[in-house]
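Below: one structure, written as structure tokens.
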Amino acid sequence: MASENEQQAWIKEEPTPNAAYLQKFRLYETRSNFYMIGRDKNRTFWRVLKINRLEPSELNILEDSTIYSEIECCDLLKRIHEGNKSTGGLKFVTTCYGIVGIIKFLGPYYMLLITKRRELGRICGHAVYAITKSEMIPI
């Protein structure tokens, strides 16, 4: 177990420059994949999560290790759209604030998203939210 001094040092530790805390997300879809695009509060870091939807009984998720700028992310979305034009292209699904989880009932997997939130207060300067609306998206 860590000593009290080690715990205090960990609490005071600054995040690494490469750490991007994503606060808002946009979900897009093609016939074969979902793309969850997340960004930080200052719109400087953009990340991509690709969820394969071709095999409903399997859950295949790929986190792109690249940290994109806004322009690079827009270019990526344009390329995805162009590459999928024959099957309907890239379509916007929803804006959300997070993924609660992915669950499976009897059929396909479902993604549970936070689509609306309400700030309850702050702890040490960090906002604490309540989920006021969610959406379940079949994968």
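Placing +1 at every Lys and Arg Cβ and -1 at every Asp and Glu Cβ, with all other atoms neutral, what dipole size does the chain have around its Cα centre, in debye to the nearest 20?
For this selection, approximately 720 debye.
Between Arg118 and Ile102, what is the label-point separation in nm under the 7 Å Cα-to-beta-carbon projection?
My value for the distance between the label points is 3.1 nm.
Using +1 at the Cβ of each Lys and Arg and -1 at the Cβ of each Asp and Glu in the chain, identify which of Phe92, Ile80, Asn33 lies farthest towards the dipole's positive end.
Farthest along the dipole direction, towards plus: Phe92.
Student exercise: in the chain, how many lysine pairs 8 or more apart or on different chains have Cα atoms under 25 Å apart?
26
If each residue's Cβ is checked for other Cβ atoms within 10 Å, how do Val128, Val93, Val48 rank with the fewest at the top?
Val128, Val93, Val48
Along the positive direction of the dipole of the chain (beta-carbon charges: Lys, Arg +1; Asp, Glu -1; about the Cα centre), which of Cys124, Ile137, Tyr68 reaches farthest?
Of the candidates, Ile137 comes out farthest on the positive side.
Can you give me the C-alpha center-to-center distance between the range 24-50 and the range 61-139, rounded to a whole angstrom?
6
Using the 10 angstrom Cβ neighbour count as an exposure proxy, how do Cys74, Cys124, Cys96 rank, fewest first?
The order, fewest Cβ neighbours first, is Cys124, Cys74, Cys96.
Taking the number of other C-beta atoms within 10 Å as the exposure measure, put Leu22, Leu120 in order starting with the fewest.
Taking fewest neighbouring Cβ atoms as first place, the list is Leu120, Leu22.
Note the full-extension length gain between Lys133 and Lys24 as 0.36 nm times their separation in residues minus their Cα-Cα distance, in nm to one decimal.
Working it through step by step, the gained length comes to 37.8 nm.
Coordinate-derived values only; no laboratory data. Since the model is a prediction, treat every value here as computed from it, not as a measurement. For neighbour counting, all protein chains shown are included, and Cβ atoms are generated from backbone atoms with ideal geometry for every residue, glycine included.
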